[in-house]
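Undergrad: Before I ask anything, here is the structure I am working with.
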Amino acid sequence: MTMSRTQRLSLQALGIFIALTVWEIAGRILGDALLAPPTAVAVAYVELLRDGAMLRELAGSLRQMAVGFALACLIGIPAGTAMGRVKQIDAIVHPWVSMLMVTSVAAVVPLYILLLGTGFWFRAAVVFTASVGYIVLTTYNGARGIDLRLLDVGRAFSAGALQMFRMVLLPALYPYIVTGVRIGLVHAIRAMVVAEMFIILGYGGLIYQSGLDTSTAPLLGLLMTLMLFSIAANQLLRLAGDRLAPWYNQRLSLR
Amino acid sequence: MSANKAILQKEHTQSGAAPERVAPTSRNPARGSGWSQRPGLSYLISLAAGVLVWELVSRQLPGVVFASPLATLQRLVEDSINLKLPLALAHSLGHMTLGFVLALLVAVPLGFLMGRNEKAFVMLDPVVNAIYAIPTVAFVPFLIIWFGLFFEGRTALVFVMCVFDILVTVAAGARNIDPSLLEVGRSFGVRGWQRMRLVLLPASMPFLFTAMRIGMARAVNAMITAELFLATVYLGKYMQDSAARFDSAGILAVIVILCAVGLGTQGALKRLESRMLPWHLQS
């Protein structure tokens, strides 16, 4: 069962290599129109980078996503904490959060277009709707099981409600918040692409348009960038989590 | 690995159960009393409060962009009686079910392979995580090229949208099967098919149900996504038509239906789980 680090790494490299080889062979057989092989995608990718539209659109889309996602965090974290600590709030809000979680992002897109048009706030609102539920529920689970002794300390120092949130609850919830933000971000990126592909604007619009191309190489290149961004953002948040709450991983490994 | 953890965490948040390391709630009750302790009553109060907020918001906005709850209910009842909505829903469930079943057939065996064979896990994990990181809707142009705009394309989108979530959950679950259960099996000398049936399968049922719940949520999501992003049909067409007429009641009616389908399938799977696995304690 136990493998050395080098063994692990070489197996991982082998797995990636096999996947790329299978893709290359399948791509050669099917042709560029159906599935461009990695070698063709690499060539197209250099072209995409040189053209500049890809990175420009990505930056523009991310800016809008960031606004929606930041709002989701700003509202979701206090809301989740309140739900976790006050039974009445939980009873009122929880059913609606569950409904939000099962409702597809794609389904609210037509409604938001009527409500907000297709401008800045439309995309921010779709991203918000898609990510806020995950942030709320993760924070909620943390707040529900918070150590009572921590609250007692806060009470002993006669902290007010806001002080209690900022100085006791929030630090105790860091691990949960980091997890919630990570899961929320995955859904925010998904929602951004859904919203943009629907209105054919921004990065999602670019994906949609390159789908009409005769070669699938640029399309695959765009997907690669999205993949790299998603993985990088996830790793960055993990790092930030380790910084903010270094006790988190220790506790996990102790379990 | 990262995605697995995230998924398990996600499952906790979705099922509403606290992560294991959290102290039991009984020892640490949140404040509350009276109506909030009675699930049926508090659910009704919550519904009423939400509908009231909806009503108040809709009064501030013109009816074309945000219909009131009453207008939405009226549309829901009207188009249910003339069978427009029920027929569309019945058609929609077709590609949803097929895509979901196909995803289960592929992801469950592959997940077991990854979960029970360390070498396979180490090899496949980076590849699965890489593909999983791409938002599934971005595959739509591909699916159109490969499967067309109609039934095959819709089924393919449902399949792609749920297969990775199921795979990652099953792999994480199978990796974490309690070793003591396997040891008991070994000491009683069960192997081969018997081991599968008497040890592995019962030990796997809880996370298989979890995987099904996560996959089903994605499948409902994918169902309407497919109807809006490929050829617009059934509920998707109903939504698009309503949007073109600036008829927000129609859009909201579909959202209500999708919500009900989502909650209904989750509830049904949970009920099935507690009936089939009474030994698996749910909080």
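The values are calculated or read from the model by the stated rules, or taken from the named source; none is laboratory data. These numbers were taken from a predicted model, which means no experiment stands behind them. Don't worry about glycine lacking a Cβ; one is built from the backbone with ideal geometry, like all the others, and counts go over all protein chains shown.
Undergrad: Residues that are within 27 Å of A:Ile16 (Cα to Cα): find the helices (runs of 4 or more DSSP H) completely inside region B:64-137 holding 3 or more of those.
TA: Per the criteria, B:84-116, B:118-132.
Undergrad: Follow-up question, since we're still on this one. Is it the case that some residue within region B:107-130 is closer than 30 Å to A:Gln209 by Cα and aromatic (Phe, Trp, Tyr)?
TA: No, every residue in region B:107-130 fails to be closer than 30 Å to A:Gln209 by Cα and aromatic (Phe, Trp, Tyr).
Undergrad: Could you list all residues from region B:207-235 that are more than 16 Å from the chain's Cα centre (by Cα) and free of Cβ contacts under 8 Å to residues at least 40 places away in the same chain?
TA: Result: B:Leu228, B:Thr232.
Undergrad: Separate question: Quick check on my filter: what residues within region B:108-133 are buried (at least 20 other Cβ atoms within 10 Å of the Cβ), among the β-branched types (Val, Ile, Thr) and at the interface with chain A (Cβ under 7 Å from one of its Cβ atoms)?
TA: Correct list: B:Val122 only.
Undergrad: Which one is nearest to B:Met96 (Cα to Cα) among residues in region B:159-187 that are touching a residue at least 24 places away in the same chain (Cβ under 8 Å) and among the charged types (D, E, K, R)?
TA: The selected residue is B:Asp165.
Undergrad: Suppose we filter A:Arg8, A:Arg85, A:Arg50, A:Arg28 for residues that are of a type in the set (Lys, Arg), more than 27 Å from the chain's Cα centre (by Cα) and within 11 Å of chain B (Cβ to nearest Cβ); which single one remains?
TA: Unique residue meeting the criteria: A:Arg8.
Undergrad: Are there any helices (runs of 4 or more DSSP H) wholly within region A:133-231 with 1 or more residues that are at the interface with another protein chain (Cβ under 10 Å from one of its Cβ atoms) and modelled with pLDDT of 90 or more, and if so which?
TA: The qualifying helices (runs of 4 or more DSSP H) are A:170-199, A:202-210.
Undergrad: Taking the options B:Ser58, B:Ser92, name whichever one is crowded, with 18+ Cβ neighbours inside 10 Å and more than 24 Å from B:Phe229 (Cβ to Cβ).
TA: Only one candidate passes the filter, namely B:Ser58.
Undergrad: Taking only pairs six or more apart or across chains, which ones have beta-carbon atoms under 9 Å, a first residue in region B:140-158 that is in contact (Cβ under 8 Å) with a residue 40 or more places away in the chain and at the interface with chain A (Cβ under 10 Å from one of its Cβ atoms), and a second residue that is assigned to a helix (DSSP H, G or I) and of a type in the set (Ser, Thr, Tyr)?
TA: Partner pairs satisfying both residue conditions: B:Val140/A:Tyr208; B:Val140/B:Thr225.
Undergrad: Sticking with this structure for a sec: Do the conditions hold for B:Phe164, that is, is it part of a helix (DSSP H, G or I) and under 16 Å from the mean Cα position of the chain (by Cα)?
TA: For B:Phe164, the condition - part of a helix (DSSP H, G or I) and under 16 Å from the mean Cα position of the chain (by Cα) - is met.
Undergrad: For region A:125-137, which residues satisfy the criterion of being over 13 Å from the mean Cα position of the chain (by Cα) and surrounded by fewer than 24 Cβ atoms within 10 Å (Cβ to Cβ)?
TA: A:Ala125 - this is the single residue of region A:125-137 that is over 13 Å from the mean Cα position of the chain (by Cα) and surrounded by fewer than 24 Cβ atoms within 10 Å (Cβ to Cβ).
Undergrad: Condition check: surrounded by fewer than 22 Cβ atoms within 10 Å (Cβ to Cβ), in a helix (DSSP H, G or I) and not hydroxyl-bearing (Ser, Thr, Tyr). Does B:Leu157 satisfy that?
TA: For B:Leu157, the condition - surrounded by fewer than 22 Cβ atoms within 10 Å (Cβ to Cβ), in a helix (DSSP H, G or I) and not hydroxyl-bearing (Ser, Thr, Tyr) - is not met.
Undergrad: Would you mind stating whether B:Gly94 is in contact with a helix residue (DSSP H, G or I) (Cβ under 6 Å, 6 or more places away or on another chain) and either within 7 Å of chain A (Cβ to nearest Cβ) or small (Gly, Ala, Ser) (or both)?
TA: no
Undergrad: When you scan region A:1-119 for helices (runs of 4 or more DSSP H) that lie fully inside it, which ones turn up with 1 or more residues that are farther than 23 Å from A:Leu228 by Cα and without any contact (Cβ under 8 Å) to a residue 40 or more places away in the chain?
TA: Once the helices (runs of 4 or more DSSP H) in region A:1-119 are filtered for at least 1 residues that are farther than 23 Å from A:Leu228 by Cα and without any contact (Cβ under 8 Å) to a residue 40 or more places away in the chain, what remains is A:5-30, A:53-85, A:87-102, A:105-116.
Undergrad: Does A:Met101 satisfy the criteria of being within 8 Å of chain B (Cβ to nearest Cβ) and hydrophobic (A, V, I, L, M, F, W, C)?
TA: yes
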